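Colleague: Have a look at this one.
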Amino acid sequence: MRNKQPKLAPPYAAETKDVRFAGTFEVLVPVPERNKPHKVPLQFASLNEAEAWLHSAEGKDMVAEILESARKAK
C-alpha cells in the first residue's frame with residue numbers, strides 16, 4: 001500500500017496583495033512543504049496576461065526551475 005501524499009495545487013495567477021503594486025497581477029507556485037506559494041518575480045497588468053505567461057514556454061520553464069530548486073533545498 002502506497003502512502004498518498006496530498007496533491008500539490010497547480011501554479012495560478014492572482015491579484016497582487018502588495019500595495020506597492022496595487023492593480024497588478026502575479027503568478028504563484030505552490031511548493032511542497034512550504035506554507036506560502038513561491039511568487040514569480042514578475043508583475044502583469046491583467047489576469048489574462050499573467051495566465052498567458054504562465055502557459056507560455058518561458059512560464060513553464062520558470063515554474064519547473066522553482067519546483068526543482070525547492071526539491072534540491074530539502
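The values are calculated or read from the model by the stated rules, or taken from the named source; none is laboratory data. Every value quoted in this text rests on a predicted model; they were computed, and no experiment measured them. We work out accessible area using only protein heavy atoms, side chains counted, and drop any ligands, DNA or RNA first. Shrake-Rupley method; radii C 1.70, N 1.55, O 1.52, S 1.80 Å.
Colleague: Run the helix sum for the chain: -39,500 (n - 2.57) per DSSP H stretch of 4+ residues, divided by residue count, reported at 222 nm to the nearest 500 deg cm²/dmol. Please list the in-between numbers first.
Modeller: Values: 2 runs with 24 residues, N = 74.
Value at 222 nm, helices only, nearest 500: -10000 deg cm²/dmol.
Colleague: Another question, if that's okay. How fast does the chain diffuse by Stokes-Einstein, in µm²/s, taking the Kirkwood radius from C-alpha pairs at 25 °C and 0.890 mPa s?
Modeller: Here the translational diffusion coefficient equals 185 µm²/s.
Colleague: Related question: On a 0 to 90° scale, report how tilted helix 57-72 is relative to the longest principal axis of the chain, with both axes built from alpha carbons and the result rounded to the nearest 10.
Modeller: 40 degrees
Colleague: May I ask you to give the percent of accessible area on the chain that is carbon plus sulfur, with a probe radius of 1.4 Å?
Modeller: Taking all protein chains in place, the chain shows 54 percent carbon and sulfur surface.
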